[in-house]
Amino acid sequence: MSTLKIYEYPESVLRQKAKRIEKITPEIKQKLSDMLETMYLDDGVGLAANQVGLLERLVVIDVSHEKDDPKPLKMINPEIIKHSDETSEGEEGCLSLPDQSAVVERYDTVTVRYMDEEGMEHTIEGKGLLSVALQHELDHLEGKLFIDRISPLKRNIIIRKLRKDKRRN
Ligand SMILES: [Zn+2]
């Protein structure tokens, strides 16, 4: 396993749509393992392929918070097939927008269909943090970021801060 470079805003790969996986190869499995390792290293709860520079519909998530008892989800071609009418607001951050966060509105519950690395199809229902993580990561596959879901004023504040941090480095 190896860790991967995280692409940060404003890299263009974060703004592009990822392509469906047609065939699960050893390379795909390797990418999912590397993405998971990268996510754990950076203390994230989710990571989408765009964030490591790949335009493929791959997502890893682990909201278990238990370092000794990880519950990783490796998802291929995930899609939301159902969501609640109810929404809630919660604070979100993103490894591609370092040190930034904002309150984002999301569906309370989402049902997601995906394929595992053995090609088996699964359906999971996400509530709470899992629901937020699923919506956040699936947005990445569409080239969307959490800052697209907040007011232009708040978005501009975050973008300005990111530019300032970049200049300092
Ligand atoms: Zn993100």
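We did not get these values from a lab; they are worked out from the coordinates using the rules stated. In this text, all values refer to a predicted model and were calculated from it rather than measured experimentally. Reconstructed Cβ throughout: ideal geometry from the backbone, glycine too, with neighbour counts over all protein chains shown.
Going by the conditions given, is Val60 part of a strand (DSSP E or B) and either closer than 20 Å to Met115 by Cα or touching a helix residue (DSSP H, G or I) at 6+ places or on another chain (Cβ under 9 Å) (or both)? It is true that Val60 is part of a strand (DSSP E or B) and either closer than 20 Å to Met115 by Cα or touching a helix residue (DSSP H, G or I) at 6+ places or on another chain (Cβ under 9 Å) (or both).
Restricting to region 77-116, count the residues that are charged (D, E, K, R) and either surrounded by 15 or more Cβ atoms within 10 Å (Cβ to Cβ) or within 13 Å of Gln135 (Cβ to Cβ) (or both). Can you show your working first?
Residues of region 77-116 that are charged (D, E, K, R), as a first pass: 79, 82, 85-86, 89, 91-92, 99, 105-106, 108, 113, 116.
Narrowing further to those that are either surrounded by 15 or more Cβ atoms within 10 Å (Cβ to Cβ) or within 13 Å of Gln135 (Cβ to Cβ) (or both): 79, 82, 89, 92, 105-106, 108, 113.
Residues that pass the stated criteria total 8.
With Ile147, Ile124 as the choices, which residue is more than 26 Å from Glu8 (Cα to Cα) and touching a Phe, Trp or Tyr at 6+ places or on another chain (Cβ under 9 Å)? Talk me through it step by step, then tell me what you get.
On the way: Ile147 fails: more than 26 Å from Glu8 (Cα to Cα).
Testing whether each residue is more than 26 Å from Glu8 (Cα to Cα) and touching a Phe, Trp or Tyr at 6+ places or on another chain (Cβ under 9 Å) leaves just Ile124.
Looking at region 42-52, can you tell me whether even one residue there is more than 14 Å from the ligand (Cβ to nearest atom) and on the phi < 0 side of the Ramachandran plot? Checked against the condition, which is being more than 14 Å from the ligand (Cβ to nearest atom) and on the phi < 0 side of the Ramachandran plot, region 42-52 yields no hits at all.
Quick one: which residue in Glu117, Glu79, Glu125, Glu137 is closer than 29 Å to Ile24 by Cβ, touching a strand residue (DSSP E or B) at 6+ places or on another chain (Cβ under 8 Å), more than 16 Å from the ligand (Cβ to nearest atom) and not in a strand (DSSP E or B)?
Working: Glu79 fails: not in a strand (DSSP E or B); Glu125 fails: not in a strand (DSSP E or B); Glu137 fails: more than 16 Å from the ligand (Cβ to nearest atom).
Just one listed residue meets the conditions, Glu117.
One residue is enough: does region 13-21 have a residue meeting the conditions under 15 Å from Asp139 (Cα atoms) and away from the ligand (no atom under 16 Å from the Cβ)? Yes, the conditions are met somewhere in region 13-21. Taken together, the residues in region 1-41 that are hydroxyl-bearing (Ser, Thr, Tyr) and either surrounded by fewer than 11 Cβ atoms within 10 Å (Cβ to Cβ) or part of a helix (DSSP H, G or I) (or both) amount to 6.
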